[in-house]
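Before any comments, here is the structure.
Where a number appears in this text, it was derived from the coordinates with a stated rule and is not lab data. Please read these numbers as outputs of a predicted model, since none were measured by experiment. Cβ atoms come from the backbone with ideal geometry, glycine included; neighbour counts cover every protein chain shown.
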Amino acid sequence: MAGKASYVNVWVGTERKDAITIPTDVNGIASLQLTLNTAEINIPNLPSERGSIVVTHPIVKYNESLRINVPYALCQLNGGEYSWLKTMELSTSRVLQKGTTMANTCGKPIAAAKPGEVIIFVRPLTWCEKLKQ
């Protein structure tokens, strides 16, 4: 995603049904901070809230459940033609302790996530995939 600003959809916990949409910077990086201090939270988390909320650097209450979706085709084994609709479920504690790096079946670049990082390799949708959206 480097060079082109986009976004990442994130769900932390199960209270909020709609995604937190986090814009990426020009390097394809989206930042999310987890906290146990509810005074630091900077997004509404009311059950009556509807629709995604866009926040550049959200601070969200820590929860073990973390789901991510990106508007690109995923470069993973069995990524499939409709992988841009896939939601990846991750262990928050694993991400914080070791980091998570997804496979890259689209090319040669490799990377290793540091603790607290999630690295996802993606490719742009093909013309045909865009039509099927």
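The gain in end-to-end length when the ASP18 to THR101 segment is fully stretched comes to 27.4 nm, 0.36 nm per residue minus the alpha carbon separation. Separation of the alpha carbons by more than 29 angstrom is noted, of LYS17/LYS98; LYS61/LYS108; LYS108/LYS130; LYS61/LYS98, for LYS61/LYS108. In this label model, ARG67 and TRP127 are separated by 3.4 nm, measuring between points 7 Å along each Cα→Cβ vector. Amide H contacts of VAL118 (H built 1.01 Å from N, in plane; Pro and chain starts excluded): THR100 sit under 5 Å, all sequence-distant by 5 or more or on other chains.
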